[in-house]
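Below: one structure, written as structure tokens.
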Amino acid sequence: MNTFLTLPLRRQTLVTTSDGYAVWQSSEQEWRLSVERLAIIVCDVWDHHWCRGAEERLNKMVARMNEVLCAARSCGAHIIHAPSDTMAFSGDQPARQRIAGLAPTCMPVEQAHADPPLPIDASDGGCDVPGCITEYVWTREHPAITVDAERDVISDVGLEVYAYLQQQAIELTLLMGVHTNMCILNRSFAIKQLVRWGVPVALLRDLTDAMYNPACAPYVSHEEGTALVIGYIEKHWCPTLPSVALLSQAGA
């Protein structure tokens, strides 16, 4: 199978209007590639979370996430499961061993990249449910996410993920999962590191969520807070796209 995808990648750039004002302008660029050169990283989609609001919002997304993953996998895309801090659960699984056994690859020189402050304040942990206690309660990836033992890989190590992307000649890496202002940006396999390694990456913007408490600046709803972080990513780090753009083609 050699299915080609055309994905609409949205970015925001700072432009000057005809009357001299600086404004952010959204634009889309089509990225065409063979689905066999596409990888999807499932970032920290855990079975549980210490924040009840975060867990409830994720539970509403996992069915759609799995639908997208299954469709993409069925036509040749590569799926990388990255539930951080839970490798002990998957240590003996073929999907874990397949990537853990890869030979090290020559790493690129990291590119300098500006890192502006985020548009939301999550210094309180970002939980919007009072009384939740910060603790490690996750033990594995969410059971609603299918792991294909014969095709998928499992890793929370950036060097392993990079080696796998190089081995498979991946041309575009997509991220889904949580949390947009934390792990999606900052894990060793996630957006900031991939950008600094020169790896083309994009975020599935409707399959993510932020850790944000509306009681903190900029004092907007949780949904608006997540949208602000998505906009920040489009401006400063990488493009985004909706899952329907992938599902409508991979699932066709």
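Between the DSSP loop rule and a limit of at most 13 other Cβ atoms within 10 Å, which chymotrypsin sites (Phe, Trp or Tyr not before Pro) in the stretch 1-110 are left?
21
Which cross-chain or sequence-distant (5 or more) residues have an amide H under 5 Å from the amide H of residue 203, H modelled 1.01 Å from N in plane?
175, 240, 241
Report ³J(HN,Hα) in whole Hz for each residue of the stretch 76-92, in order, from the Karplus equation J = 6.51 cos²θ - 1.76 cosθ + 1.60 where θ = phi - 60°; Gly and Pro get x.
After applying 6.51 cos²θ - 1.76 cosθ + 1.60, I find x, 5, 9, 10, 10, 8, 10, x, 3, 6, 10, 5, 4, 5, 9, x, 9 Hz.
Could you please state, rounded to a whole Å, how far the C-alpha centre of the stretch 191-252 is from the C-alpha centre of the stretch 73-127?
Rounded to whole Å, the Cα centres lie 16 Å apart.
So which chymotrypsin sites (Phe, Trp or Tyr not before Pro) in the stretch 153-252 pass both tests, a DSSP loop state and at most 15 other Cβ atoms within 10 Å of the Cβ?
Qualifying residues, ordered by number: 219.
Using +1 at the C-beta of Lys and Arg and -1 at the C-beta of Asp and Glu, which of 158, 138, 211 has the Cα lying farthest in the positive direction of the dipole of the stretch 117-239?
In the stretch 117-239, that residue is 158.
Quick one: 3J(HN,Hα) in Hz for the stretch 105-118, Karplus 6.51/-1.76/1.60 with θ = phi - 60°, rounded, Gly and Pro as x.
Along the stretch 105-118, the couplings run 10, 5, 7, x, 5, 5, 8, 5, 8, 4, 10, x, x, 5 Hz.
Roll a 1.4 Å probe over the protein chains and send me the accessible area per residue for the chain in Å².
45 Å²
Just need the relative contact order of the chain here, percent rounded to a whole number, with Cα pairs under 8 Å and 6+ apart. The partial results should precede the final answer.
Details: 491 pairs, mean separation 70.0, N = 252.
Averaging sequence separation for qualifying contacts and normalising by length gives 28 percent for the chain.
Using only the alpha-carbon atoms of the stretch 106-195 as identical scatterers, what base-10 log of I(q)/I(0) does the Debye formula give at q = 0.10, 0.15, 0.19 Å⁻¹?
Once normalised to I(0) and log-transformed, intensities are -0.37, -0.80, -1.15.
Compute the Cα gyration tensor for the stretch 15-73, then decide on rounded, prolate or oblate, letting a ≥ b ≥ c be the square roots of its eigenvalues: rounded whenever a/c is under 1.5, prolate when a/b is larger than b/c in the other cases, and oblate in all that remain.
oblate
Mind checking which of 97, 112, 43 is farthest towards the positive end of the stretch 8-167's charge dipole, using Cβ charges of +1 (Lys, Arg) and -1 (Asp, Glu) about the Cα centre?
97
With no solvent and one equal point scatterer placed on each C-alpha of the stretch 85-132, evaluate the Debye formula and give log10 I(q)/I(0) for q = 0.15 Å⁻¹, two decimals.
Listed by q, the Debye log ratios stand at -0.86.
From the backbone phi of the stretch 26-41, what are the Karplus-calculated ³J(HN,Hα) couplings (6.51 cos²θ - 1.76 cosθ + 1.60, θ = phi - 60°) in whole Hz, Gly and Pro given as x?
Coupling constants for the stretch 26-41: 7, 8, 10, 10, 7, 10, 9, 7, 5, 4, 6, 10, 10, 10, 10, 9 Hz.
Can you pull a Stokes-Einstein diffusion coefficient for the stretch 113-163 at 25 °C (0.890 mPa s), Rh from Kirkwood over Cα pairs, as a whole number of µm²/s?
So the translational diffusion coefficient is about 158 µm²/s.
Which value, in debye to the nearest 20, describes the size of the charge dipole of the chain about its Cα centre when Lys and Arg Cβ atoms bear +1, Asp and Glu Cβ atoms bear -1, and nothing else is charged?
On the way: 18 positive and 29 negative charges, 111 e Å.
Magnitude of the dipole: close to 540 debye.
The values are calculated or read from the model by the stated rules, or taken from the named source; none is laboratory data. Because the structure is a prediction, the values reported are computed rather than measured. In this analysis, Cβ positions are derived from the backbone assuming ideal geometry, glycine residues included, and neighbour counts consider all displayed protein chains. What goes into the accessible areas is simple: the full protein's heavy atoms, side chains included, and nothing from ligands, DNA or RNA. Shrake-Rupley method; radii C 1.70, N 1.55, O 1.52, S 1.80 Å.
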